[in-house]
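Written below as structure tokens is the structure these notes are about.
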Amino acid sequence: MDLTRIDGVDAMVAQTVISEVGLDMSRWKTEARFASWLGLCPDNRISGDKVLARRTRHVLNRAATALRLGASTLLRSQTYLGAQYRRLRNKLGAPKAITAMAHRLARLVYRILKYGQQYIDKGAEYYGAKKPPTTNRVPKKESRTTRPTGHTSPRVKLPSRS
């Protein structure tokens, strides 16, 4: 049950999480409930079809703060989690990417503490091979307007002006 094997979780983050949460994970049925208790899950408030708010709940929890701090250190990490953080940071921006990676770290911590699983890093190359770069894609709007529809319009000969 070595939490420091997870990239982004050093001794201080691990101590903070264990001191705030404890070693008994039976209080939460699933890792999703654990992440929600930490305040790292989105709180989508919807009325009808209208989205009223899309943000995480405001929770004063030292464990969540420590996991966010650990997630922010993944920027220069040449690991699977580091590659995922850099991709999310480019896509969503730094604050949302930090929250998303803190959520991922919380799920990993839950699995290690509850089931005794070991964390094995697959490497940044594995993540790069798994997720193809999105720079070669054609934007949706452009592909819709340029794709052939199968319909042909009749050619109309216009009278010449003389």
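Results, tabulated for the structure shown:
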| read-out | value |
| --- | --- |
| Which numbered condition residue 91 fails, given (1) modelled with pLDDT of 90 or more; (2) touching a Lys or Arg at 6+ places or on another chain (Cβ under 8 Å) | (2) |
| Some residue of region 11-23 being more than 21 Å from residue 118 (Cα to Cα), under 21 Å from the mean Cα position of the chain (by Cα) and buried (at least 17 other Cβ atoms within 10 Å of the Cβ) | no |
| Residue match in region 86-94 (condition: of a type in the set (A, V, I, L, M), closer than 20 Å to residue 28 by Cα and either out of contact with any helix residue (DSSP H, G or I) (no Cβ under 7 Å at 6 or more places or on another chain) or crowded, with 19+ Cβ neighbours inside 10 Å (or both)) | no |
| Residue count, region 24-70 (criterion: surrounded by 10 or more Cβ atoms within 10 Å (Cβ to Cβ), of a type in the set (S, T, N, Q) and either modelled with pLDDT of 85 or more or not in a strand (DSSP E or B) (or both)) | 4 |
| Cβ pairs under 6 Å, 6+ apart, first in region 6-22 and closer than 14 Å to residue 103 by Cα, second aromatic (Phe, Trp, Tyr) | 6/119 |
| Condition check for residue 6: farther than 21 Å from residue 120 by Cβ and of a type outside the set (Lys, Arg) | no |
| Residue list for region 33-75, restricted to those being free of Cβ contacts under 8 Å to residues at least 24 places away in the same chain and aliphatic (A, V, I, L, M) | 46, 51, 52, 53, 59, 60, 75 |
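The values are calculated or read from the model by the stated rules, or taken from the named source; none is laboratory data. Since the structure is predicted, the reported quantities are computational estimates derived from the model, not experimental observations. Don't worry about glycine lacking a Cβ; one is built from the backbone with ideal geometry, like all the others, and counts go over all protein chains shown.
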